[in-house]
Structure formats: structure tokens, C-alpha cells
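To keep things clear, I will list the structure first and then write my remarks on it.
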Number of protein chains: 6
Amino acid sequence: MKLLVINPNISQDVTRLIGTEASRSIRPGTELTLATAPFGVAYIETRAEALIGGYATLQVAAEQYRQHDAIVVAAFGDPGLAALREVLPIPVVGMTEAALVSACMQGGRFSVIAISQRIQAWYRECIAEHGLAGRLASIRALDEPLQHIGRVQENQGDRLIELSRQAVEHDGADTLILAGAPLAGLARDVGHRLSVPVLDGVTCAVTQAQAMVDMSPATPSAGSYAPPPTKGCHGLTPALAELVGRQPVA
Amino acid sequence: MKLLVINPNISQDVTRLIGTEASRSIRPGTELTLATAPFGVAYIETRAEALIGGYATLQVAAEQYRQHDAIVVAAFGDPGLAALREVLPIPVVGMTEAALVSACMQGGRFSVIAISQRIQAWYRECIAEHGLAGRLASIRALDEPLQHIGRVQENQGDRLIELSRQAVEHDGADTLILAGAPLAGLARDVGHRLSVPVLDGVTCAVTQAQAMVDMSPATPSAGSYAPPPTKGCHGLTPALAELVGRQPVA
Amino acid sequence: MKLLVINPNISQDVTRLIGTEASRSIRPGTELTLATAPFGVAYIETRAEALIGGYATLQVAAEQYRQHDAIVVAAFGDPGLAALREVLPIPVVGMTEAALVSACMQGGRFSVIAISQRIQAWYRECIAEHGLAGRLASIRALDEPLQHIGRVQENQGDRLIELSRQAVEHDGADTLILAGAPLAGLARDVGHRLSVPVLDGVTCAVTQAQAMVDMSPATPSAGSYAPPPTKGCHGLTPALAELVGRQPVA
Amino acid sequence: MKLLVINPNISQDVTRLIGTEASRSIRPGTELTLATAPFGVAYIETRAEALIGGYATLQVAAEQYRQHDAIVVAAFGDPGLAALREVLPIPVVGMTEAALVSACMQGGRFSVIAISQRIQAWYRECIAEHGLAGRLASIRALDEPLQHIGRVQENQGDRLIELSRQAVEHDGADTLILAGAPLAGLARDVGHRLSVPVLDGVTCAVTQAQAMVDMSPATPSAGSYAPPPTKGCHGLTPALAELVGRQPVA
Amino acid sequence: MKLLVINPNISQDVTRLIGTEASRSIRPGTELTLATAPFGVAYIETRAEALIGGYATLQVAAEQYRQHDAIVVAAFGDPGLAALREVLPIPVVGMTEAALVSACMQGGRFSVIAISQRIQAWYRECIAEHGLAGRLASIRALDEPLQHIGRVQENQGDRLIELSRQAVEHDGADTLILAGAPLAGLARDVGHRLSVPVLDGVTCAVTQAQAMVDMSPATPSAGSYAPPPTKGCHGLTPALAELVGRQPVA
Amino acid sequence: MKLLVINPNISQDVTRLIGTEASRSIRPGTELTLATAPFGVAYIETRAEALIGGYATLQVAAEQYRQHDAIVVAAFGDPGLAALREVLPIPVVGMTEAALVSACMQGGRFSVIAISQRIQAWYRECIAEHGLAGRLASIRALDEPLQHIGRVQENQGDRLIELSRQAVEHDGADTLILAGAPLAGLARDVGHRLSVPVLDGVTCAVTQAQAMVDMSPATPSAGSYAPPPTKGCHGLTPALAELVGRQPVA
């Protein structure tokens, strides 16, 4: 099974973190291809950045999907997820959705531990869109500017554990989600120091991507995830034009 | 990986259907143990029957969980799911929850195809409890008394496909869930005749159970899924008493 | 009018507390029969214990319902309520549902005062299932291990009042529900020390049970609370088999 | 026990229907006082008419509450209910709220049978405000202009039964609520012709009013149903001024 | 364009505050008529007072609507809004609804700053009825008795700013609504001292009223906002009788 | 006042329709600038197309916002709306949000009339994200492939009116929203043939944009709509980089 894991951000450091954790999470026989957004920002924490990252992810996916069995969108908040899912004939899984459904299957309510104050609003909206606001115990977030997005775990590890403990003790979290690709791998390191299950978004995403391939659901030819109706397009990359437009307008 | 698949009903025929589909859905290296409820009803379609089936499932699980890595509750509606999850130190997955989250990861809305009119109310309530009422396009169900619970697929196959098509065409279903253990395996047979992805509850459940084992989340020692506080009990099977009571009352 | 009040726990002490408060709450002419679960745990605070208690309650109800006009399920969380209601031809009322609807008829929002930290998650889920999460101001709970379930009121009375006051002052409670059968009768004793109406679950349940008998709604022959379709069963008590199965399987 | 039953409409005919059904629904020892709105419309089917009826009801209640133990607002939609409850030291029960909670205690979902097309929007909004939209199976309504509001039952009885049957067969109603004071008493007459429990709003309201008096919850001195803060008022009836204003402005 | 701005309270001081802010908010060419409720209370903070204020507003509107192009209900909580809208052929806008939708168009979540503790429950219910509970970050309110309703801004200005800052810093407010007609104009004065947009209910209401007139939507002849069906009435002012009754009963 | 109206699609025909209706909807003194997406598809009806259109709109807005007082995103579904609002210091209004809030201010429930079957799922999701699913009576849509996106009104006018009437008569719509920029101007032409108010998305959007400028809310320096934290970026247009990145990465 071949998985294409796309980092919607431009940070190669974060792609490496994602790749390391993804490698530890896949089953034997699964092959990983890592891709980094060709344009965008260092890390996504706003709705605007998510839009940019989503479009970059769509371009990457259009270019490379044919060689893969499934795609993982490797940024919390799942930029572009519904769009990719709508136009691609293979399963597409996002870190947030995968983490949320995996947390639900642990039972009870979950808290999300996030890397910045600003990012919380966007996360809250994502969770609400999945209909899971009632399962959210809390979001707790770091409150200092990030020095280096690739070293958040080292620089802020103790604080992240402290936030996690507060979520369990004060907010009633039954499960913790360490959110955001910059935290990839942290759950594996610190899980034993916490008293409830700790989920890693990258682990959840590649695991659920494998599960979706295992189920091999058919590509729809009806409904709102069937290939879009044919229409004119302009200014798209050839690969994307082929997916969404089919009749490039001169 | 060893999975214990428990049929909360007493029908050996249905256990066989579940076993056949589960065998086709697992990965190499996964071993299945099938168990049938030692008491209960032929098939569950009401809240009362779900209570009985849930208790039977809890007894079986208490007896056999030590030899397994995860448990699948193999009746739609997930009788006893939260209870098992709360007291067992291994992942527990239900057909409904697994099918719902898998359907969500296909995108859009799902319809549920059910084996009897009566069963619909209970299914609707289950879906609402998961917070996913907004994702439900419709429930459509057979409207004739079932002759033989182990042969619903043969006797009603065309009608089930017809109901599925109506769900896509009239209700806006983006995914179909063929619900209920008696339909185990049907999706595999008829999926190609339908225009949207068709999910099989047994397939979803064993696949998600494997995924949960892959993630190996820790057993909680805090929160509402930690082992229950110690207290007196009476009249339980020894295995169950050990799990929920710990101090059997004379 | 004859009411059967079933304690889903095995604690005779709690049955006595229930009986005392129920006796003070009924109208002249109403007769009470008290029953204690023949198996189960000392008191229910988890989903697993609720499943056990629910099954025990169903067995008791099946055995004894013929001699009564209505049944009260006397544990907060209403273990087995929907199941009993589905198979019995007489009204069945639970402490939680009765307290919630009675609180709603006081207007505004209610807080629930509970006997243990652990019990809160289950209560929250029960309230949400009734669609009343928007009416819940807060749940506040004792945070020490219970020494003796039959003497919580004596041992923790002041603390319970303190929690109640906090719910009014800090959480905006318009009504208080003292939840859990071990607190039966406490509202009557301490109501004058609190500034909003205080509801006792047992009082609410027997009062609403009487109200349901007064209304004498017909037993449904259609819908999802009609008697379940006939089907084979095995291993049930004869009384229960008659209710849910009708055709015991050899 | 003394109940004041206020018809928020000006129709004496409807007050008589309410009185007849209320008399059949109360327990021995309960005394009824009937009051008719001193101003307003023949029957309420819009939000504007509900505002008028609510104000008229508040005036009647302010004048007469001292001689009673509880008040029933006897129009579906409960005009003025929250207002009365907020300022009066005795329980106040509305037909809609009482019917909805009573229907919930039957289990499952309910349908509402209404006397006019126009009235449906207002009913739907009332049910949603109670948080019970998820329990509503359907609203079905007469579609002809009403000839005489006091004779709807005679003139439209068969049609009302037909609508009720459709709600059970097509909409999945587990309980029926015959809504609106003009239908008072009909459930008693036609219940045996329908296959699910049929609730009469007047019966539910007087029964729940008696239940609230039985529980004798204290009048709050805190929270949002405590007596309103003192403030100046002008142009109110003396009785109302005393309740809401306390310091009539010259 | 002629706007009729109705203060549902009897306080001329507050009408002046409303008028001053409304004058600063309207466009050139818009003419204002101010009206004060002929009966009622000094300021509305309870559901009962809102009922009274709503009825007074309906009377004023019935009397004066013919000379205007739109009506503004100038009390937070929008007393009588739906009723006026239902019977009048011109747009009717309320301070709360206008402020909520305007806040939504700023993006994210809003907090409401209120003039009394008691008023919060009613505001929360209003917001929930609009379906916007998920957009509410918090309500924060003054906690001292108001000395003079027309001088709240002077007497409590610093405290209101402090509450506003807390809403931004601790509750995650993206927008602030200074709620209640007694605060009319305050946003204009203090907006520069706060770090998120600050909305004034009066400004929002007159602006949205102008917008509705600009759109000139047709008066409905169908649906639940069409003129009510003709029916008998009694005891209403002639203008109101003409609107809701049409056939005054002798 | 200067409004920048951006068509997120590449169809100049549709830009012309938008421009014509916008010109008729603005107040004297308001100046319009029309822009068409520099890349994308002919018209947006899927989530993927909305992502593309949203990114194109963000680029246009970044380039041109300095010369304007507010921006209108002129495609139903509001592609990119939250993103633009987050990074721009001027009000940004979308056709959907503007139409929904305007419909809410008409009272009751609205139906959406759409140009294609496929587009309905995306619209439904947009409405749910605004918390207004409870206000949606129905979506009804054309069911034939569109011949020419700029001539839908001419080719399908009668069918659109027929769908509108069905929404009023069968679905209970109190207001109609003719959705999608290709229908710009139609409401003005056909409103008199329908029995409830008919809203045009373009009219609503420019009117609300003017209203937002009238209110002149401050640009936030806190909360989740403050300018995004500074971070590295790559591959963005200079104007966009300045808005979201500030520190272009080499």
C-alpha cells in the first residue's frame, strides 16, 4: 500500500517530523511518500493560512495521486480535505478527522492540546463542523510565541504535558489529542506520563488511511462526492485542470 | 493480533455470517475468535433486546478478554459498547460506531439500510447519541416479517438493493451502510451494483478494531473510562465480578 | 394505585432510603412495593454498572409488573428505562427523566449535585440524550471516596449544601437536582437552606409515575414502543422470555 | 388543591371545553377556577396573537393567583408561561410544555395534530425552544378554515383521526398530541381508535399542575426565576404593578 | 426613509439615549420618529417585563406604522419582535437580532456585555432561539444595583470596559456587543479603548432597518408571516384590532 | 463608499450579471469595482471548486483591497470568506451569509433555490456551519445540465419559479433565497409572481456590505480575526505575502 502524505505547510522540518512519526506508525508493506507544499506559510494557525495550504495540497494531490492508494493531509484542521476527497478516486484522510474519530472510539470526551493561542478558534470551528462539539472537553494551548516550529516539542515539552494534565484534571478529558503536525511523535514519547490515552494526529491519520484502503470503498458515481460535473476552467495546473475542469478554457 | 468478535444475539447462523465476513476483512496475522451470546434473542431490533444482548456481551467479554487484543461487538446498535469499553483494558469497537466514523471519512451524508421497520427507531437514537444526526440522510428498511434471520440476504437481496438506490436518488446519500449483522457480507456482493460506497458493519468493525490496536492507546487511569471505583457486588459471574466489583458481597 | 419501585442496585440500605422518601411523596391511596436488584453492585456510577443494573431491573419488572399500575426505576441515570418501557404495558418512570422534566417545569436551567466525581460523565450523557444539555447549568459532585453508601447524607450533608450553593451562585442554576438514590430525602431536609427549588429524584419519580397513571395513556400497538415482534429466545427468566421472546428456543 | 385555569383566548366556548376536560382530569379534592382572557382574539394561531394572549393571561394571573395553589395556561404554545412563572410564587404549567414532557415519558417521538395550517410554524418554534425538536416526528394540521372554534371536534373529528393515523404510519410517531384547547377532550373520545397513546393538552396540564403542587418546590429567592428586581412602572393594572414593578411611577 | 424607533420601556431618559445614538447612526435622508412605551417598566430585564414591553410595543406599532417605512424595537431581547413582524407590512428590526447578525458578519464569536446579573438568563435564551448559542463566547454583566437607568454609562463606564476586556482576554470574544438600550452610544465612545470591534445595539438596529428597506422585500401573502387569518377579537385598541382581528367582537 | 465585488469564478458573463444587479442595489454615492477570478472554473458547485475560487478571491482581494472600503465575495457558498475577513482591515461580506441573515430578519424559515442538483450538498453544509440549519425549510434545485451559465435565468426561469412555489406550498418557506451569482437580478424580475419575500444574494451582499461600512467597526488587534502572527512564507503573490506572511522565506 502506498500512502502519499502531504504537509500543507512549507516547513521541511515539519515534514521530517511527520515522516518520522508516520514511519513508526505504518504497517509493514506500507510505503510512504512525503510531500511538502510548494507554496504557503511556515505553519498554519489561521483560516487564511488554511485556505492557502488547502490549495497547495490540492495541487500536490492532483499531481501525485495516481501513484498512490490513499492520501493523508498532514496538518491539523485538515486544509482542503473535503476538496481532495471530492475529486480524487482514492481515500483521503485528514489528521483532525482521523484523530477525532479515533478519540471517539476511546469513549467519552477529548481535549485538544494546541501549539498557539491563535490556533484554537480554527480548531474549535473544525470540531464543530464534524458535529463533535459535544465531545470536546476543552482546547488548551501554549501561550508564548513559537521560536522554531520544528522544535516546539523540545522547547515546550514540559508545558505541553502540564496543559495535558490540566485538561484531564480540570476539564474532564477522557482522551488527549496532541494537535498539529509540529507535535508529531510527541504522544509516543510522553504518553506514559499521562493518565489517559494520548493520540497523535499523524499516527491516527496514517492508521485510518490504511484502514480506508483496507475497506476499499468504491469511488462514487453519484452523490456529492462523485466526480464534479464537467466545466470550463482556466489558470489551473494541468493536473488540477484535469481533475476539476476537464475542458480547460483557452 | 487476536480479535474477539462477540455476537450479542443467540443465532449461530448469524455468528457464521459475521465470521465469514470478518475472515475476509482481517489482515494477515490477525486471528479471530467468534463468540455467541449465551442467552438472549434471535436478533436484536428493540431497546429491550439491546439491553439483554449488552449484558450477555459483557459477560462473554469479561470471560474471554484476557486472551485477546481487542473486542468487536458485532450487532448494529452496539449493545453494551460503552460498558465494555469502560471496564476492559483493551480496545472495544462496535459495528455502528465503526460504520458511522468510516462513513464520515467518505465525506458527506450516509443512509442506513435496515432489516426491519421496528429497528429504525433504535438506530436513529444510536446515531443521534454519536452526535451524527446531521450526517444521516435517511434510514430505509425492509417492511416484511423476516422468515429466517440467517437468510435475509438471499430472501430480500433485491429489495435491499432497491432501498439502497432510493436512498441515493431520493435522500441524497453519499455513502450507504448496510446495517445489522444479518447483512454481513452483502456489501461485498452488491457494492458494484450501487453508485456510492457501500459499507459493511462487520468489515468496518474489524478494520477499526485492528486500527485501534495499531494505535495502542494506553489504558486510562483517570477520566470516566478508567477502571471503576471498587465496590461490593453480588450475583455476577466471577469474571464480571472481578471487573466491575472486585469485592464480591457474600 | 400500586407502584412498583425498583432499586437497580443491591444495597438494601438504599432501598430503605428510597422507600422512606417515596412513602412521604405518594398520595393517599397509592401503595408502594419496593424491590431490590437481585444481582449487581452496591451503587451505580458507571456505564457498565448501569448496564448490569438495567438488566437486573428488567428481570424484576418482568416478574412483578402484573400486580402494579406503574413502575419506578429508582436509580439516577435510569438504567434500563427505555427497555422496560418498550416491553411493559404500564407506565415506567425513571428518576432522572422525572427530575429533568420537573426541573424544566420550574423554568430556566438546573444543576445536578452528585455523589461522586466518576458519576458525572454518565449523568452528562444521560442529560444530553434527553436533548436537555442546553438546560444544564452544571454538575457538581463530592470528591471523596464514599464510606458508606447508605449514610452519604449524614457524612457529607454540609458539603452537598456547599456544592448546591456554588451551583446557584457561580453556575446560574435556577433549580437544583439532588441526584442519586442515596440522596433520597435530602431535598426535603435541606431545601429551606437553599435559595432555589431543590428537587428529589425519588419524589419526582413517584409523583410523575402517579401522573402517568392518572393520564392512563393507552398501550401502543404501533410505533417503536409497541410490544416487540415475536422471536426466539434462550436463557432468559420465564417472565422475561414471555415479554421479549414469546417463543423460547429449546 | 385549587387550580386556576386561564384560557388566553376570549372564546367562552373554548373555556367550556377546557373546563369539561379539566374536570374529568383532576383528582378528587382538586378545585378548578376557570378564567377567560378579558381581551384578545377568538383563538391563538400566530405569534402576535400569542403575545396578546400572554399579556391578558398575565393580567388575569396577577389578579387571581393569591387564591390558588397553581396556574394552568390553557392554550397550546403556552402564551406568557415564562413570564407568569417568573413573577408568581406558585407553580405555573402550560399545555404545551406539559404535553411535551408527558409525551417524552411515553418514550420515543411524538407528532402534534393541529387545528390549522398557520398554527404549525408557531408550534414548531415552541417545541424547538424546549430543546425537543429531535423528538418531534411531525406536525400535521387541518387545512380548511375553521367554521366555529368551539365545534372543531364535531366538524373535523374524522379528519383529525385521519391526520393522526398518517402521523403514526408515515412519520413514525410513538405518541400523539392533540394540540390546542379547542381539541380539549377529543383524546378521551378517540384514543381507542388510534394505535399509540394520545395525549390531551388540558389533561396533561392539569395533571402536571397537580404534580408540581405535590412536589411543593420552594419559591426561589435567587436565580432568574426569583422575584424581579424592584423598579418603576406605569400604566399596569394594580395587581400586575405589584408583581413586576413594586414602585409605580406617578 | 422614515424609521419609527420604539422604546419598549417607559423611561424617557433611555428614549433620549436611543434617539441620540440613532441620530448619529442613520444616513442622510433617513428620518427618525421616537416613541416610548405608554405603559410598562423602567427597563426590561426579565421575561415578564419583556412580555409587558412587547405588548406595549405592539400597540405603539399598530398606531403609528402607516407613516413609516420600517420599525426598530429598541430594547435588547427584542420584545414583541416576531409579533410585530407577523402583522405589519413593513420591515421590523430588533436590537438583539440586528446586533447578533452584525456580529456574525465580523466573524468568529461574540460576547455580550450586560447591565445586570438578572438580565443574563433572558439574553442567553434569546441568543439560543436565534440558533447562535455556538457563536456566544460569554455574557458578562454589571453586578451592582443600577442607581439610575439613564446614567449607567457615566456611573459604570470603567466597569463596563473592564468586563469587555475580560471577555476578550478570558472568553475568546472576537466581537463585543454592548447590550441594552441604556448603553446606547457607549460603543462609539469607548471602542478605541478595546481591541476587538464593539457593536452598539441601536446602531446595528437602525443600520439593519435601513438595509431591509433598501432591499424592499415584498410583504408575504403566504407562509407564517402573511397577515393572520381573520378572526374575532375584543378589548384591543382599534389600531391593533384592525391588524390582528379585523372583526372586532362586540 | 467604494465596494470591491469579486466574482470567484472565471465567467465574465456572470461578472456582468453580478455587476448589473449590484449597480441596481447600491445607494447613491457607492462606487463599484468588479473583479473576476484570474483562475478557476466557470461556476462553483463543489467543495473543490470552492477551494480554488476561495484562493483566487484571496489573491484578488490582497491586490486590490487598499482602494476600497469593503469587499463582497460574489459567489453563493462564500468561498474564502473567513480567510479574507481574517487578514483584511476592511469589512468582507459574502452572498450566502448576507442572504441568510437577511432572510432571518424576515422571520421564520427560508428555502434556497439552486441552479444544480450537485450544488445542494455544499449549500446545506454552508448553512449548517452558520448554525442556521434549523431555519432551513428546504433546498430545491434545477435538475438539468446547465447549457450556459450566463443564461440560466432565461433558459430556466419558469422552472425556477415553479421550484420556488413548491418551496412555499410544500416546504413551509417564509422567505426564498435565489442562490448563486448566475441568478443575480432574477428576484427583482420575478418577486411579484411569488407569495413570500424573495431575496437576491447579490442585493443582500452589497446592502450588507454598505451596512458594515456604515457601522465602521474597528479592525481587531486581538481575537481570532486580528492580523495573523508573523511567519515565514513562500510562493505567494507579493500582495498576499504581505498580508499573511510578512517575512517571505527566500
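Table for the structure above
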quantity	calculated
Meets criteria (outside the structural domain of A:SER25 (by TED's automatic domain parsing), open to solvent by less than 10 Å² (accessible area, probe 1.4 Å) and either without any contact (Cβ under 8 Å) to a residue 60 or more places away in the chain or of a type outside the set (A, V, I, L, M) (or both)) for A:GLY191	no
Given (1) out of contact with any Ser or Thr (no Cβ under 8 Å at 6 or more places or on another chain); (2) assigned to a helix (DSSP H, G or I); (3) of a type in the set (Asp, Glu), number of the condition C:GLU86 does not satisfy	(1)
Unmet requirement for D:SER102, which otherwise passes all of (1) without any contact (Cβ under 8 Å) to a residue 60 or more places away in the chain; (2) under 26 Å from D:THR219 (Cα atoms); (3) of a type in the set (Gly, Ala, Ser)	(1)
Scan of the range B:11-37 for residues that are in a loop (DSSP other than H, G, I, E, B) and surrounded by fewer than 24 Cβ atoms within 10 Å (Cβ to Cβ), ordered by number	B:ILE26, B:ARG27, B:PRO28, B:GLY29, B:THR30
Some residue of the range A:163-172 being closer than 22 Å to B:GLU86 by Cα, touching a residue at least 60 places away in the same chain (Cβ under 8 Å) and not in a helix (DSSP H, G or I)	yes
Hey, B:ARG109 under 16 Å from B:LEU136 (Cβ atoms) and open to solvent by 10 Å² or more (accessible area, probe 1.4 Å) or not	yes
Residue check for E:VAL244: in a helix (DSSP H, G or I), facing chain D (nearest Cβ under 8 Å) and either open to solvent by 10 Å² or more (accessible area, probe 1.4 Å) or more than 30 Å from E:SER23 (Cβ to Cβ) (or both)	yes
Subset tally (residues that are more than 7 Å from every other protein chain (Cβ to nearest Cβ), modelled with pLDDT of 95 or more and more than 13 Å from A:GLY107 (Cα to Cα)) for the range B:214-237	1
Residues within the range D:129-146 that are assigned to a helix (DSSP H, G or I) and either charged (D, E, K, R) or modelled with pLDDT of 95 or more (or both), tallied	2
Count of residues meeting criterion [within 25 Å of F:PRO217 (Cβ to Cβ) and open to solvent by 30 Å² or more (accessible area, probe 1.4 Å)] in the range E:1-10	1
Pairs, first basic (Lys, Arg) in the range B:228-243, second open to solvent by less than 10 Å² (accessible area, probe 1.4 Å), C-beta under 6 Å, six or more apart	B:LYS231/C:VAL41
Residue satisfying condition, being more than 7 Å from chain D (Cβ to nearest Cβ), of a type in the set (A, V, I, L, M) and in contact with a Leu (Cβ under 7 Å, 6 or more places away or on another chain), within set E:VAL87, E:VAL60, E:VAL92	E:VAL92
Residues within the range E:48-73 that are open to solvent by 10 Å² or more (accessible area, probe 1.4 Å), in contact with a Ser or Thr (Cβ under 8 Å, 6 or more places away or on another chain) and part of a helix (DSSP H, G or I), tallied	4
Tally, over the range B:47-85, of residues that are touching a Cys at 6+ places or on another chain (Cβ under 9 Å) and closer than 20 Å to B:ALA241 by Cα	1
Qualifying residue in the range C:96-103 (condition: touching a His at 6+ places or on another chain (Cβ under 7 Å), buried (at least 21 other Cβ atoms within 10 Å of the Cβ) and more than 8 Å from every other protein chain (Cβ to nearest Cβ))	yes
Scan of the range C:187-207 for residues that are at the interface with another protein chain (Cβ under 7 Å from one of its Cβ atoms) and assigned to a loop (DSSP other than H, G, I, E, B), ordered by number	C:SER195, C:VAL196, C:PRO197
Residue list for the range D:1-10, restricted to those being assigned to a strand (DSSP E or B) and either closer than 28 Å to D:GLU125 by Cβ or within 14 Å of chain E (Cβ to nearest Cβ) (or both)	D:LEU3, D:LEU4, D:VAL5, D:ILE6, D:ASN7
Scan of the range E:221-237 for residues that are part of a loop (DSSP other than H, G, I, E, B) and open to solvent by less than 30 Å² (accessible area, probe 1.4 Å), ordered by number	E:ALA222, E:SER224, E:TYR225, E:ALA226, E:PRO228, E:LEU236
Condition met for F:GLN117 (surrounded by fewer than 24 Cβ atoms within 10 Å (Cβ to Cβ), touching a residue at least 12 places away in the same chain (Cβ under 8 Å) and closer than 25 Å to A:GLU129 by Cβ)	yes
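Here is a yes/no grid of residues against (1) in contact with a strand residue (DSSP E or B) (Cβ under 9 Å, 6 or more places away or on another chain); (2) assigned by TED's automatic domain parsing to the domain that holds B:GLY157:
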| site | (1), (2) |
| --- | --- |
| B:GLY54 | yes, no |
| B:ALA74 | yes, no |
| B:ARG85 | yes, no |
| B:CYS104 | yes, yes |
| B:ALA133 | no, yes |
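For (1) more than 14 Å from chain F (Cβ to nearest Cβ); (2) more than 30 Å from C:CYS126 (Cβ to Cβ); (3) crowded, with 18+ Cβ neighbours inside 10 Å, each residue gets a yes or a no:
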position: A:TRP122; (1), (2), (3): no, yes, yes
position: A:LEU132; (1), (2), (3): no, no, yes
position: A:ILE149; (1), (2), (3): no, yes, yes
position: A:VAL152; (1), (2), (3): no, yes, yes
position: A:GLY157; (1), (2), (3): yes, yes, no
position: A:VAL168; (1), (2), (3): yes, no, yes
position: A:LEU178; (1), (2), (3): yes, yes, yes
position: A:GLY185; (1), (2), (3): yes, yes, yes
position: A:MET212; (1), (2), (3): yes, yes, yes
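The values are calculated or read from the model by the stated rules, or taken from the named source; none is laboratory data. As the structure is a computational prediction, the values presented were derived from the model and not from experiment. Heads up, the Cβs are rebuilt from the backbone with ideal geometry, glycines too, and the neighbour counts pull from every protein chain shown. These accessible areas exclude ligands, DNA and RNA; they are computed on the full protein's heavy atoms, side chains included. Shrake-Rupley method; radii C 1.70, N 1.55, O 1.52, S 1.80 Å.
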